[in-house]
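Below is one structure; the comments refer to it alone.
The numbers here are math on the coordinates, done by the rules we state, and not lab data. Because the structure is predicted, anything quoted here is derived from the model rather than measured. Please note: Cβ atoms are built from the backbone with ideal geometry, for glycine as well, and neighbour counts cover all protein chains shown.
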Amino acid sequence: MRRIDDLTEMAAREKGRLASPALTTPARRSITRTVRLLGQEAARVRAEADAVVAATAALAADRDLLESIPGVGRPTATTLLAELRASPPYAAAPAAAAYGGLAPKEFQRGTSVKRRTRLSKAGNARLRKALFLPTQTAVRFNPTLRSFFASLTDPDRRGGGPKAKMQAIGACMRKLVMICYGVLKDRTPFDPNWGSRIAT
């Protein structure tokens with residue numbers, strides 16, 4: 001899954017070069033070919049990753065559980081399997097969130113300077129990246145995260161007022177990875193009533 005990310009980033013850099021007005025026609029053709037080849041290679045590696053999961057009963061079962069969560073599609077589920085399994089086992093959902101750098105961190109200097117609480121971002125950057133876009137989908141279609149996002153951005157929210165959109169998305173990313181941990185630990189598909197009780 002990390003190799004797929006690398007190939008995708010290389011393709012994005014090549015696409016960016018197409019904007020240069022100094023490109024000759026042969027150079028433009030070379031970049032176009034390279035982008036196509038990188039896309040083909042990414043698709044090939046993704047198919048191989050899917051084959052590994054399908055051939056391993058435990059991985060296939062875990063991915064099915066993750067895909068039961070609205071907002072978590074197959075690519076995200078496979079990435080979560082790769083990144084979460086590459087880390088030590090967790091005693092609780094908040095520890096899994098902390099591994100992804102999704103634990104709230106309060107900034108305070110001395111006794112007078114205090115800024116907004118924000119995510120620590122000290123953990124697995126690939127896990128955060130894998131959750132960013134799916135979380136934006138989940139706040140629209142996942143009932144648990146939709147209501148959570150609405151409560152965070154509510155103009156009448158108590159305790160500091162409404163959060164900015166990106167702050168709310170960050171909090172929802174944390175909630176989503178905790179839900180993912182929960183379905184894997186309990187071996188139970190996503191239940192919106194259960195998911196709403198995950199600690200924030």
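In the structure shown, the pairs K15/K165; K15/K129; K129/K175 are assessed against 22 Å; a Cα-Cα span above that value is assigned to K15/K165. With both labels modelled 7 Å from their Cα along Cα-to-Cβ, the D6 to D50 distance reads 2.3 nm. In this label model, D191 and E41 are separated by 4.6 nm, measuring between points 7 Å along each Cα→Cβ vector.
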